[in-house]
Every structure is written in C-alpha cells, then in structure tokens.
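Just so you know, all these numbers are worked out from the coordinates, no wet-lab data involved. The structure displayed is predicted, hence computed values, not measured ones. When we count neighbours, we look across all protein chains shown, and the Cβ atoms used for this are built from the backbone with ideal geometry, even at glycine.
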Amino acid sequence: MPPPSYRRLYETGDLAARVEQAWEILRSCTLCPRRCSIDRLQGEAGWCGSRDLPKVASFGPHFCEEPELVGRNGSGTIFFSNCTMRCEYCQNYEISQCGRGEEIRCDDLARIMLALQRQGCHNINLVSPTHYVPQILRALLAAAEGGLAIPLVYNTGGYDLAETIRLLDGIVDIYMPDAKYGSDDAARRFSHAPHYTRYMQESIREMHRQVGDLEVWDGLAVRGLIIRHLVLPGGYAESREVFRFVADEISRDSYLNLMDQYRPEWHAVLRESGLPAAFSRPLNAAEFEEALGEARAAGLWRGLAPGGEEG
C-alpha cells in the first residue's frame, strides 16, 4: 500500500509552509463560499460560528461509512462542529447547526489522529472540515511528526471553494464530497447555500484533478474521489442533473454512493416548516429505484447501491 500523500510534503518541509499559508486566511476568513472576511484569530465568528480553535463533537472508529473506508477496523472519524450550510432536514443538526462540541487545541486534534491510528483505523476521516482547514493542517503537521501514516479523508457537504481545495493538493488522499443538488434553487431553499451547484462542481473538478478516480488496494480505499448523493423524497434534489455532471464532466468511473437513508429530521418534522409535504416522510423504494436507474442511464456504475461497490 502506498504511503499517504502528506508524508512526502512533511518530509520535504512543504507541509509546514502550507500550514502557514492556510493560517493567514483566518485573519480574514474566506475558506468557504460565504467569504465572511472576519478575523477569527481575534475571536470573531463568521456565518458558521467557528473561531480560531477547532471544535470537535466526537471521534472514534466508524463502521457505517463505505466498505472501502471501513475495512475491518473502522474509519477513524472526527466529527467537527458547525457547518457552512443549514440543511432544513439535517440528521446531524445538533452538531452542524446547534454547535454541540468542544473547542480543543490543534495539538489535541493531532493526538486524536494518532490515537485513531493506534486503534487500527484505516484512515483519518474529517467530517465537515471546510471551516477548519488551517487548524486541521496544523494538527496534521504535529501528527505527522508523531508518526501518522494512514490516508486522510476529506468528508464535506460540497459547499467548498476550489481555492481552499487547492491548498490541500498533495495532502488529502481521499476526497468524499456530497453532490447534494442539481439546481441552485433547491440548494438555496433547502440548505440556505447560494450558488451551490457552481461551487460544488468547481470544487469536485479540483478534487478529481488532484486524486483521480477511487483506487482500492486489498479492499481498502487508498486514494481518489468518492461522491455521495442523498436521494430526497419527491425528487427535490434534482438528481438527474447531478448524475449528468458526474458522468459527463468528472468521470463515468466515478465512485458514486447513492444514499437512500433520508428520514425527516430537524425542521422537516415541524408542521409549520414551510418545506414540501414530501419532506415529512422517508424516501420510498420506488423513488430510490428511479434515481438508481437515472444514474445507470447516465453511464455511472461504481458504488450506486447503498453499501459500496455493486457486484
């Protein structure tokens, strides 16, 4: 199995330089498409509510990710608090929107990474990392000094800036973005994310440029792109356009995890939510089968069914 990408940058000293470059962004934060331009190093908080310290809700081996990430010992998942979006139906709303978690030092984040490696986890899986990229890189530098040597997974909702993703070139081994919506109207209405499709598509193009299609060694992902798409009831994600983009502009060999686990959460359970009636019920089998057929018709074949590679 090849060594993770960041080891080479650590050994050449380029990782330390990248940390300093990213840290300066916190003085006028433009990490995500909202470009709040606030000074987080002086304690200011922007739209996402994050300041200078990384805020972590939980961490540990996770066994509910794609099989190629989980392996036998689990994916070493770190759930970061806050988010660059506000999905009305978010299943992790206590973390993403209510801010549950604890602010920790970057050195403590490095210790978490090393502890997950000691537990046998196959990778470090950073969930909702975009608003903490500088802090993650500083922690990664310390963890690399401590011997961290397993792949780094960037697990994001897809509302990213290509410029921020370019900072991670040669550092991240596996990108795992959501491609949530096929239209900006849906993204604005259901996730309060203006111009989502443009930013999502630009960032996924950059991710694929860096790491290419998913590479698997002995059943474990070592490098590449995994794209997730949650099928929404009533067709409100406009999935067909997502599939067209992935197939025509990324790669027909893209690994697409087509997810069927929508259930009403957060504001979707409120009678006066203002959401379409379909959001108050789970996804049904016919809706998922329709989306699956559309993905296949677009020429996609890897992943697709929940749980990983299709047989």
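Of all DSSP beta bridges in the chain, what percent run antiparallel (nearest 5)?
Antiparallel bridges: around 30 percent, rounded to the nearest 5.
In debye, nearest 20: dipole of the stretch 5-304 around its Cα centre with unit charges on the Cβ of K, R (+) and D, E (-)?
The calculation lands at about 340 debye.
For the stretch 78-155 and the stretch 169-216, compute the distance between their C-alpha centroids and round to whole Å.
Computed from Cα coordinates, the inter-centre distance equals 18 Å.
Please say if the stretch 1-112 is rounded, prolate or oblate, where rounded means a/c under 1.5 for a ≥ b ≥ c the square roots of the C-alpha gyration tensor eigenvalues, and otherwise the choice is prolate for a/b larger than b/c and oblate otherwise?
Oblate, because a/c is 1.5 or more while a/b does not exceed b/c.
Unpartnered cysteines of the chain (Cβ-Cβ under 4.7 Å counts as a partner)?
So far as the 4.7 Å Cβ criterion goes, Cys29, Cys32, Cys36, Cys48, Cys64, Cys83, Cys98, Cys106, Cys121 stand without a partner in the chain.
Report the paramagnetic label zone for Arg166: residues of the stretch 186-227 whose backbone N is under 15 Å from a point 7 Å from Cα along the Cα-to-Cβ axis.
Under cut-off, by backbone N: 202-210.
Can you give the relative contact order of the chain as a percent, counting alpha carbon pairs under 8 Å and 6+ residues apart?
Normalised by residue count, the contact order of the chain is 16 percent.
For the pair Ala286 and Arg111, what calculated FRET efficiency results from E = 1/(1 + (r/R0)^6), where r is the Cβ-Cβ distance and R0 = 41 Å, to the nearest 0.05?
Step by step, r from the Cβ atoms, then E = 0.30.
Once fully extended, how much extra length lies between Val216 and Asp185, figured as 0.36 nm per residue of separation less the alpha-carbon to alpha-carbon distance?
7.6 nm
Compute the distance in nm between two label points, each set 7 Å from the Cα along the Cα-to-Cβ direction, one at Ile104 and one at Glu44.
Label-label distance for Ile104 and Glu44, simple model: 2.8 nm.
Positive end of the dipole of the chain, charges at C-beta (+1 Lys, Arg; -1 Asp, Glu), about the Cα centre: which of Ala143, Gly74, Met176 has its Cα farthest in that direction?
Selected residue: Ala143.
Can you show me the helix-derived [θ] at 222 nm for the chain, built from DSSP H runs with n ≥ 4 at -39,500 (n - 2.57) apiece and divided by the number of residues, rounded to the nearest 500.
Only helices count here, giving -9500 deg cm²/dmol.
I want to verify a result. In a Gaussian network model of the chain, Cα cutoff 10 Å, which of these has the top mean-square fluctuation: Leu275, Leu140, Leu256?
Between Leu275, Leu140, Leu256, it is Leu275 that shows the largest mean-square fluctuation.
Is the stretch 48-176 best put as rounded, prolate or oblate by its Cα gyration tensor, with a ≥ b ≥ c the root eigenvalues, rounded for a/c under 1.5, and otherwise prolate when a/b is larger than b/c, oblate when not?
In terms of gyration-tensor shape, rounded.
At a Förster distance of 41 Å, what's the computed FRET efficiency of Glu24 paired with Val269, Cβ-Cβ distance as r, to 0.05?
According to the calculation, E is roughly 0.45.
Springs between alpha-carbon atoms under 10 Å, Gaussian network over the chain: tell me which of Ser239, Ser273, Ser183 tops the mean-square fluctuations.
Comparing Ser239, Ser273, Ser183 in the GNM, the peak value goes to Ser273.
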